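The values are calculated or read from the model by the stated rules, or taken from the named source; none is laboratory data. Predicted, not measured: the structure shown is a model, and the values here were computed from it. So basically every Cβ, Gly included, is an ideal-geometry build from the backbone, and we count neighbours across all protein chains shown.
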Amino acid sequence: MKRKIGIINHWMVNNYGALYLAYALERKIREMGYDVETISWLPDEVRRPWLLSMAKKTGLLHYLLRLGYFLVFILPRQWSFRKFRSMMHASKRKYTDASLPEIKNIYDKIVIGGDQLWNCKVNYYNENNFLPFVEEKEKKVVYAASLSQDFIREDFKSTFRELAEGFSYVTSREQRAKELIEETTTLKAPRVADPAFLLSAEEWGALAKDPPEKGEDYVFVYQVQSDVLVIRFAEELARKYQCKIIYCPFPLKKQIHCRRHPYLSPEQWLGYVKHARFVVTDAFHGTVFSIIFNRNFFSEISEYGKDTGSRITNILEVFSLEKRLLTDANARNLIDAPFIEYAPINEKILKERSEAEQHIRNMLGAPETSKA
């Protein structure tokens with residue numbers, strides 16, 4: 001029988017970036033000839049964030065903020081995410097934190113699929129993301145680990161070292177994650193492309209749903225944390241280029257004249273990015289898909305996201321797009337920024353994809369083929 005490969009990531013959360021990267025990684029590995037499925041597991045703190053036990057783990061303030069975010073942003077997207085999620089080759093069994101260790105007897109190799117699974121902030125840390133219940137080191141690999149922080153707490157370094165060194169092959173998504181892993185452990189953690197880059201613009205475009213505003217000039221604002229700078233900049237950009245503003249999910253700190261689309265399906269979201277004249281975002285995957293679709297974009301690091309800002313600064317550095325970082329100091333000048341020349345960037349994407357595919361082969365071994 002062919003070896004069976006399982007992938008763990010946060011694909012069951014109603015988050016655009018988390019679902020896209022999970023879909024892309026699974027699809028790419030399958031297309032490379034491997035027998036693979038994505039494991040249906042949702043951490044307890046994500047699956048049931050209203051439990052009072054979560055308040056003890058995260059602190060009361062953070063508990064209330066996360067619960068509010070879940071109720072306002074995440075839960076209402078459940079229906080609109082269903083169709084896209086159905087395209088995944090997912091395990092039929094759905095696992096909880098308690099039952100997840102049973103996967104060690106089902107899969108021959110398990111891939112931790114990057115993004116924020118190795119986020120080791122005390123409020124998010126879930127030991128299952130390190131598969132401590134899988135004793136065989138060769139069975140565990142990581143593609144594009146993102147620690148979602150610029151530093152590891154001193155009191156957590158020894159624990160992180162012990163858990164991370166239980167893996168046979170580790171790659172990182174950001175340069176800073178690579179540095180932290182290599183400084184804290186004996187591992188090498190080469191940087192690889194975010195899984196979204198494993199698929200081409202044409203492949204993503206085939207999944208996109210054209211918006212009603214296709215053919216119109218619009219600024220697509222995708223904001224994870226409400227910040228007045230993004231809103232103000234989008235308004236000025238729209239005035240200068242006579243564009244409409246499409247906003248997802250919706251502004252909180254300042255009202256803005258726009259069309260609000262808080263609960264877009266993943267297909268609709270892709271369509272809005274694909275056809276935007278401009279994208280203004282504070283989100284990592286807002287930046288990623290702006291690059292994939294060759295959009296003229298501007299990315300901000302919000303006040304909330306400052307301690308994880310290297311995610312955005314690193315991807316801008318990889319593609320020599322540092323000048324697209326929006327700040328209070330340069331906002332006025334960025335309004336007149338030239339449009340991005342994408343020819344060299346697209347060449348870089350092809351190179352990043354090729355290197356990523358080689359790392360996948362290295363960590364999984366050559367795919368088995370059936371004998372005639």
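Taking the stretch 140-160 as the range and being among the charged types (D, E, K, R) and more than 18 Å from Glu357 (Cα to Cα) as the test, the residues that pass are Asp150, Arg153, Glu154, Asp155, Lys157. Does the stretch 199-206 include one or more residues that are farther than 30 Å from Glu347 by Cα and over 16 Å from the mean Cα position of the chain (by Cα)? Checked the stretch 199-206: no residue is farther than 30 Å from Glu347 by Cα and over 16 Å from the mean Cα position of the chain (by Cα).
When Ser80 is tested against the conditions (1) free of Cβ contacts under 8 Å to residues at least 24 places away in the same chain; (2) in a helix (DSSP H, G or I); (3) out of contact with any Lys or Arg (no Cβ under 9 Å at 6 or more places or on another chain), the lone failure is (1). Among the residues of the stretch 183-190, are any in contact with an Asp or Glu (Cβ under 6 Å, 6 or more places away or on another chain), among the β-branched types (Val, Ile, Thr), crowded, with 16+ Cβ neighbours inside 10 Å and at pLDDT 95 or above? The answer is yes, given that some residue of the stretch 183-190 is in contact with an Asp or Glu (Cβ under 6 Å, 6 or more places away or on another chain), among the β-branched types (Val, Ile, Thr), crowded, with 16+ Cβ neighbours inside 10 Å and at pLDDT 95 or above. Of everything in the stretch 307-336 that's surrounded by fewer than 14 Cβ atoms within 10 Å (Cβ to Cβ) and touching a helix residue (DSSP H, G or I) at 6+ places or on another chain (Cβ under 7 Å), which residue is nearest to Asp150 (Cα to Cα)? So the residue we want is Glu322.
Listed conditions (1) touching a residue at least 60 places away in the same chain (Cβ under 8 Å); (2) over 26 Å from Phe84 (Cα atoms) are all met by Lys188, apart from (1). Number of residues in the stretch 311-338 that are in a loop (DSSP other than H, G, I, E, B) and over 20 Å from His285 (Cα atoms) equals 7. The single residue among Ile245, Ile292 that is closer than 24 Å to Ala144 by Cα and either surrounded by 15 or more Cβ atoms within 10 Å (Cβ to Cβ) or free of Cβ contacts under 8 Å to residues at least 40 places away in the same chain (or both) turns out to be Ile292.
On inspection, Val221 passes the criterion of being touching a strand residue (DSSP E or B) at 6+ places or on another chain (Cβ under 6 Å), at pLDDT 95 or above and under 28 Å from Ile246 (Cβ atoms). Within the stretch 68-77, can one find any residue that is outside any helix (DSSP H, G or I), assigned by TED's automatic domain parsing to the domain that holds Ser146 and either of a type in the set (D, E, K, R) or out of contact with any helix residue (DSSP H, G or I) (no Cβ under 6 Å at 6 or more places or on another chain) (or both)? Scanning the stretch 68-77, I find no residue that is outside any helix (DSSP H, G or I), assigned by TED's automatic domain parsing to the domain that holds Ser146 and either of a type in the set (D, E, K, R) or out of contact with any helix residue (DSSP H, G or I) (no Cβ under 6 Å at 6 or more places or on another chain) (or both), so the answer is no. Condition check for Gly286 on (1) under 27 Å from Leu147 (Cα atoms); (2) at pLDDT below 95: one failure, at (2).
Annotation note: of Gly271, Gly286, the sole residue that is crowded, with 17+ Cβ neighbours inside 10 Å, touching a Pro at 6+ places or on another chain (Cβ under 6 Å) and in contact (Cβ under 8 Å) with a residue 60 or more places away in the chain is Gly271. Here are some residues: Phe278, Phe298, Phe293. Which one is closer than 20 Å to Leu199 by Cβ and outside the structural domain of Phe151 (by TED's automatic domain parsing)? Just a single option satisfies the conditions, and that option is Phe293.
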